[in-house]
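Only one structure is covered here, and it is reproduced in the block below.
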């Protein structure tokens, strides 16, 4: 069993994969959660199939985790997520529900199912949020809302479980070099195709600016392993922090989030206007 078992959701790529590989090299029995039964490189083995959008998959998957951990579950990394984007007026309620189902409710169900085992071992819970959980941006309202909710849930969970030996941390990355950007752009294109001509005309310049800002962030994202290092620290240090900012841009946006709304809005409007015209 080594140092114990840790379940990592969203382990097929990006932060989740880098975390699974790093923890496996550190001697943990990593149980990777994947939407599809894809193969992962050594030393990560035997993935568990779990789709947070499908509530029916969560119970069987978490039972597999408990069976495999065999009483030695010491950590949970809630990492899986995706981005719903588009103007708020063009998104229907089902788009918002789908976003929250994966980015929030699915993680809550996984955590609740595994919590008795984590309490028994005085384990750790690490939730991967986003700097977008402190500061919203145009056209990713559902994503930002879900990450704000993850931040609030993590704070409540941390205070509830600390007296009982389970430490809870929130990771707030900025731009990370992951396939999430390409997937997000593909989903954004699908949403933009649904806009009426009037909506396209209304938001054209802002959307152009937002896409260029996203492309810039994707091109300058830090390696996923930088975030994995912080997750490992949160799981292993004797005194984990409640929150970890990851990346220079995350620290910058955290500062911006404390500015008066009139100032931060002006900065955002100016940036999108200039990018949209360039």
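Which condition from (1) exposed (fewer than 14 other Cβ atoms within 10 Å of the Cβ); (2) touching a helix residue (DSSP H, G or I) at 6+ places or on another chain (Cβ under 8 Å) is the one that residue 22 breaks?
Result: residue 22 passes all but (1).
Does the range 157-183 hold any residues that are over 17 Å from residue 104 (Cα atoms) and modelled with pLDDT of 95 or more, and which are they?
159, 160, 161, 162, 163, 164, 165, 166, 167
Let me confirm something: among 43, 60, which residue is modelled with pLDDT under 95, more than 18 Å from residue 227 (Cβ to Cβ) and more than 20 Å from the chain's Cα centre (by Cα)?
Among 43, 60, only 43 is modelled with pLDDT under 95, more than 18 Å from residue 227 (Cβ to Cβ) and more than 20 Å from the chain's Cα centre (by Cα).
Filter the range 106-133 down to residues that are in a loop (DSSP other than H, G, I, E, B) and in contact with a strand residue (DSSP E or B) (Cβ under 7 Å, 6 or more places away or on another chain) and give me whichever is farthest from residue 65 (Cα to Cα).
Top of the filtered list is 130.
For the range 234-255, how many residues are surrounded by fewer than 15 Cβ atoms within 10 Å (Cβ to Cβ) and either outside any loop (DSSP other than H, G, I, E, B) or touching a helix residue (DSSP H, G or I) at 6+ places or on another chain (Cβ under 9 Å) (or both)?
6
Quick check on the range 84-105. Is at least one of its residues surrounded by fewer than 24 Cβ atoms within 10 Å (Cβ to Cβ), within 19 Å of residue 168 (Cβ to Cβ) and in contact with a strand residue (DSSP E or B) (Cβ under 9 Å, 6 or more places away or on another chain)?
Looking through the range 84-105, none of the residues is surrounded by fewer than 24 Cβ atoms within 10 Å (Cβ to Cβ), within 19 Å of residue 168 (Cβ to Cβ) and in contact with a strand residue (DSSP E or B) (Cβ under 9 Å, 6 or more places away or on another chain).
Being within 19 Å of residue 227 (Cα to Cα) and buried (at least 24 other Cβ atoms within 10 Å of the Cβ) narrows it down to one residue among 15, 50; which is it?
Matching residue, one of 15, 50: 15.
Of all residues in the range 87-102, which are under 26 Å from residue 209 (Cα atoms), part of a helix (DSSP H, G or I) and without any contact (Cβ under 8 Å) to a residue 40 or more places away in the chain?
Of everything in the range 87-102, just one residue is under 26 Å from residue 209 (Cα atoms), part of a helix (DSSP H, G or I) and without any contact (Cβ under 8 Å) to a residue 40 or more places away in the chain, namely 93.
The values are calculated or read from the model by the stated rules, or taken from the named source; none is laboratory data. Bear in mind that the values here come from a model prediction, so they are computed numbers and not experimental data. As a convention, Cβ positions derive from the backbone with ideal geometry for all residues, glycine included, and neighbour counts pool all protein chains shown.
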